[in-house]
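Student: Got a structure for you, written out below as structure tokens; questions coming shortly.
The values are calculated or read from the model by the stated rules, or taken from the named source; none is laboratory data. Note that the structure is predicted; figures quoted are calculated from it, not measured. Cβ sites come from the backbone with ideal geometry, for glycine too, and all protein chains shown count toward neighbours.
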Amino acid sequence: MLIRIVTIIIFLSFPIISYSALIQTDWLIAPGIVEEGVITRDTSTSLEWLSLERMLGRPIDSVSSWMSDGYLKGWRFAEEDEVVGLLVNFGFPGYDYSLNGSHSDPELIDSSINILTSYLGDTVSSVSSGNVQYSGVIGVIEGQEEELNGFTAYTISINGNIEYVHYGSSCCVEDPIINSTTSYFLVRETPSPVPIPAAIWLFGSGLIGLVGYSRRKKA
């Protein structure tokens, strides 16, 4: 009977578990060289994302060279579906659109952009002027050939009111060396941890085994 009760307790615990999280971590560039809080780890995909502010305005040739054999070795350009998946975790809807402020979604997007930029940085705020404020990100993603493929998520507010929202992929973006608001969505894989439910099952099955062993020993 005791074994059965322990099993029920273990499985009833599953619904209250969070299966993914976004965690800000430090970047160990080289032994003794650490940049604090510039990496966001998505535990649902085991991907780490580099702050867009870190590579803001860097020329594409330099970034590609650093990824090939430099301090960005191990990093790569993110795929579009990976970027969409990350932004959905920040609260964005999973579709592309451009809208003016009369639509109800800009408030949702604005809230999500505030969360996004708190993790990955803001690449467009520098062009704000007076009562016109920009907030969000523009970044190069995988797929560049003759033109750079990119993904954008930003709002334009006038006197505190959201007037324009853009969220989604673009056919092309300007080279960051030309446009200072463009950066790069860079990711790298991390070793996959034991999934939380699996870890709990391992713990639970071990606990059940110990209970069973104890009962047999008493018998």
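Student: Report yes if VAL137 is in contact (Cβ under 8 Å) with a residue 24 or more places away in the chain, over 21 Å from MET55 (Cα atoms) and either of a type in the set (Phe, Trp, Tyr) or part of a strand (DSSP E or B) (or both), otherwise no.
Tutor: It is false that VAL137 is in contact (Cβ under 8 Å) with a residue 24 or more places away in the chain, over 21 Å from MET55 (Cα atoms) and either of a type in the set (Phe, Trp, Tyr) or part of a strand (DSSP E or B) (or both).
Student: Of the residues in the stretch 1-60, how many are at pLDDT 80 or above, among the small types (Gly, Ala, Ser) and closer than 30 Å to ILE178 by Cα?
Tutor: 3
Student: Against the condition part of a strand (DSSP E or B), over 27 Å from GLN24 (Cβ atoms) and at pLDDT 80 or above, how does TYR164 come out, does it pass?
Tutor: In short, yes.
Student: So which residues in the stretch 117-129 are at pLDDT below 90 and of a type in the set (A, V, I, L, M)?
Tutor: Once the filter is applied, which keeps residues that are at pLDDT below 90 and of a type in the set (A, V, I, L, M), the stretch 117-129 yields only VAL127.
Student: On to the next question. Only one of GLU189, GLU147 is loosely packed, with under 15 Cβ neighbours inside 10 Å, modelled with pLDDT of 80 or more and among the acidic types (Asp, Glu); which?
Tutor: GLU189
Student: Can you name the residue in the stretch 58-94 that is of a type in the set (Gly, Ala, Ser) and within 14 Å of LEU186 (Cβ to Cβ) and is also surrounded by the most Cβ atoms within 10 Å (Cβ to Cβ) among such residues?
Tutor: Checked the stretch 58-94; the qualifying residue surrounded by the most Cβ atoms within 10 Å (Cβ to Cβ) is ALA78.
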